[in-house]
Amino acid sequence: MRFPLGFTLAQFNHRRRMLRQGQRRFPTVLMLEPLYTCNLQCLGCAGERHTGKLADRLTIEQCLQASDDCGAPIVNICGGEPTLYPELPELVAALIARRRYVLLCTNAIRLQDRILGVIGPDPHLFLMIHLDGMRQTHDMICRREGVFDTAIEGIREAKARGYTVMVNTTVYRETDIGEVEELCRLAASLRTDGVLISPGYEFDTAEAGLFLNDDERNAKFLRIREFAPRYKVNVTPVFLDFAAGLIELPCSPWSTVNFSPNGWRGPCYLIGATQHQRWQDFWEQTDWDYWESRSDARCRHCRMHSGFEHSAVEHAMATPTGRIRLGIWTISR
């Protein structure tokens, strides 16, 4: 399967439960940023979005309260660099005890000493390793030589120890799509559990000229869409259609909510137009109709996985043909 069975069932059961309760909007993923400290200054965020003092990090209690408040079955621990969070083992253990699926996003620089052998393998724990291309490209994006080799060594060791490991790659203007397929082949040879591919979002602080315009994105994702069935690409076919410009979808910013040392970031972690300290304020005071419409200038060119994968699933589930296509895709690798 492209997605582990338990992970898939957790999302399916959560969706069914919410719909039975009459909820049209509900979080599926909590993007949890326990700290803004990072050990890289990648081009994609220019090292400004994710900087901060370690002393300003969230407490474990704040992290767990955020998970309880939003109720999402998936917690994506990001940052910053989560391996720098001193309480990471305790946080992961507490979230798993709540039967959350934990996606631990890391650049893998501290994978060996902060995760492997410290936080044991678990069916509810997925290591999400950031790789934006092969060696030269990835090290250039990260602005440091050797990061790619460190990540590959970490992936090999993690798989040998029984961890679930996925690769997360972002497509930029200069991304060579042949290299993306090469990365997919490498991920398959390393026996990883899949590759998540998404177009980047142009943060205000990011390197100018790094991100795709609509025509560039459509052309690149049309090619990705062609080879994706041959690899364990961890996005849905409807999302690939959308990223390639073949269909349009509304945004579902409420499906992936973000909590950080600054509170609940609204409407999404990409824009951050507002910050709320209380979950109820964030949920009730955000104008979801407006942000779903994508009428805001900051939304018009966005095709990020975090905002549209839920919309893609709903699009597929709306018709028998869509459900069959999604089911076949899910079990095809």
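The values are calculated or read from the model by the stated rules, or taken from the named source; none is laboratory data. It should be emphasised that the depicted structure is a prediction, and the values quoted were computed from it without experimental measurement. All Cβ positions, even for glycine, are placed from backbone atoms using ideal geometry, and neighbour counts span all protein chains on display.
Just one of the listed residues (23, 62) is surrounded by fewer than 17 Cβ atoms within 10 Å (Cβ to Cβ) and over 30 Å from residue 314 (Cβ atoms), namely 62. Of all the criteria given as (1) within 30 Å of residue 147 (Cα to Cα); (2) in contact with a strand residue (DSSP E or B) (Cβ under 9 Å, 6 or more places away or on another chain), the one not satisfied by residue 6 is (1). Taken over segment 151-168, the criterion of being surrounded by 18 or more Cβ atoms within 10 Å (Cβ to Cβ) and touching a residue at least 40 places away in the same chain (Cβ under 8 Å) is satisfied by 151, 154, 155, 158, 163, 164, 166, 168. Among the residues examined, residue 2 does not qualify as assigned to a helix (DSSP H, G or I), under 30 Å from residue 292 (Cβ atoms), within 20 Å of the chain's Cα centre (by Cα) and in contact (Cβ under 8 Å) with a residue 12 or more places away in the chain.
Are any of the residues in segment 38-61 in contact with a helix residue (DSSP H, G or I) (Cβ under 6 Å, 6 or more places away or on another chain) and either without any contact (Cβ under 8 Å) to a residue 40 or more places away in the chain or of a type in the set (Lys, Arg) (or both)? Yes, segment 38-61 contains at least one residue that is in contact with a helix residue (DSSP H, G or I) (Cβ under 6 Å, 6 or more places away or on another chain) and either without any contact (Cβ under 8 Å) to a residue 40 or more places away in the chain or of a type in the set (Lys, Arg) (or both).
Of all positions in segment 132-151, none carries a residue that is closer than 22 Å to residue 29 by Cα, in contact with a His (Cβ under 8 Å, 6 or more places away or on another chain), modelled with pLDDT of 95 or more and among the aliphatic types (A, V, I, L, M).
Filtering segment 8-25 to residues that are closer than 15 Å to residue 71 by Cα and part of a helix (DSSP H, G or I) leaves 10, 11, 12, 13, 14, 15, 16, 17, 18, 19. Residues being surrounded by fewer than 17 Cβ atoms within 10 Å (Cβ to Cβ), of a type in the set (A, V, I, L, M) and part of a loop (DSSP other than H, G, I, E, B) are entirely absent from segment 169-189.
Residues in segment 69-109 that are touching a Ser or Thr at 6+ places or on another chain (Cβ under 9 Å), basic (Lys, Arg) and either under 15 Å from residue 57 (Cβ atoms) or surrounded by fewer than 18 Cβ atoms within 10 Å (Cβ to Cβ) (or both): 98 only. Restrict the check to segment 52-72 and report whether at least one residue is of a type in the set (D, E, K, R), modelled with pLDDT under 95, closer than 23 Å to residue 251 by Cα and assigned to a loop (DSSP other than H, G, I, E, B). Scanning segment 52-72 turns up no residue that is of a type in the set (D, E, K, R), modelled with pLDDT under 95, closer than 23 Å to residue 251 by Cα and assigned to a loop (DSSP other than H, G, I, E, B).
Criterion first (out of contact with any strand residue (DSSP E or B) (no Cβ under 7 Å at 6 or more places or on another chain) and closer than 29 Å to residue 188 by Cα) does residue 110 satisfy it? The answer is yes for residue 110.
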